[in-house]
Amino acid sequence: MRPRDAQRTERRRRAVTARRDISFAGLSQKVAIAAAASGMVLTVALPTTAAVVPSEVQTLAAPAEQEQPQPVQAAAGADVSFDRAALHGTFDPDAKLAEIVSASGGDIVTAESRGSLSAPLDSAVLSSPFGTRVSPITGAGELHTGQDMSEACGSAVKAAAAGTVTFAGWHAYGGGNRVVVKHANGLETTYNHLSAMDVTVGQEVERGEAIARVGSTGASTGCHLHFEVLVDGKNVDPMGWL
């Protein structure tokens, strides 16, 4: 038996410490492998030599971290909906119409005017368009000054925009019973071949208000509305406004 000495004792202590370190590392590897196989996510707290941030500093820094935008994720094929913020506003089509005519100085651009007038009939079949054509009555060439809309006699005819009635009576040049409504800044609309007129001269009408009934009076071959748009007294294609 060799006598125990200080060096021998120190060597045994080093061996025990090494074996403990190796055992801890092996255990960590086994746990990590098992977690990976099962799909688990582990959080391991390990000792650190980094400086510890005081709690006061951590509290002050928290709001800055919360301000960072957080990504939004959803599974493939998921139904995602968002509430639309309420929008409030008013649109005055007649005021817009007045602005278009006033700013144009009579030189109307179709892209600006289209849709500024409402359709005078709830439903209709567009027939003879604006432009040069052969008259179905005389057989001669003529300028067709409006857009024809075929519809049953008695159907309601409505004002294409707000305005004042300046004519309501018989048209001596083929229009039959005719209503003329004057709008802002030199714009007028006319409604022809009517079977009945529900307004009088000087009456104020609103957009979409019933003012007459479809008919076949005057130079007409059947029930329809001959609708005209005039700018400063000159006929233009109504389809550029509807």
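Key figures
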quantity: For GLU228: the one exception among (1) crowded, with 16+ Cβ neighbours inside 10 Å; (2) charged (D, E, K, R); (3) under 37 Å from the mean Cα position of the chain (by Cα); (4) more than 19 Å from SER118 (Cβ to Cβ); calculated: (4)
quantity: Selection from segment 202-225 of residues that are closer than 14 Å to SER118 by Cβ and surrounded by fewer than 18 Cβ atoms within 10 Å (Cβ to Cβ); calculated: GLU206, ARG207, GLY208, GLU209, ALA210
quantity: Residues satisfying the stated conditions in segment 175-201, i.e. buried (at least 16 other Cβ atoms within 10 Å of the Cβ), without any contact (Cβ under 8 Å) to a residue 60 or more places away in the chain and either farther than 29 Å from ILE137 by Cα or not polar (S, T, N, Q) (or both); calculated: GLY175, GLY176, ARG178, VAL179, VAL180, VAL181, GLU188, HIS193, LEU194, MET197, ASP198, VAL199
quantity: Yes/no for VAL180 being part of a strand (DSSP E or B), modelled with pLDDT of 95 or more, under 22 Å from LEU242 (Cβ atoms) and not polar (S, T, N, Q); calculated: yes
quantity: Flag if ALA168 is among the small types (Gly, Ala, Ser), in contact (Cβ under 8 Å) with a residue 60 or more places away in the chain and surrounded by 20 or more Cβ atoms within 10 Å (Cβ to Cβ); calculated: no
quantity: Test for VAL199: is it outside any loop (DSSP other than H, G, I, E, B) and either β-branched (Val, Ile, Thr) or closer than 18 Å to SER127 by Cα (or both); calculated: no
quantity: Residues that are in a loop (DSSP other than H, G, I, E, B), modelled with pLDDT of 95 or more and surrounded by fewer than 15 Cβ atoms within 10 Å (Cβ to Cβ), drawn from segment 128-151; calculated: PRO129
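The values are calculated or read from the model by the stated rules, or taken from the named source; none is laboratory data. Since we're looking at a predicted model, the values are computed, not measured. When we count neighbours, we look across all protein chains shown, and the Cβ atoms used for this are built from the backbone with ideal geometry, even at glycine.
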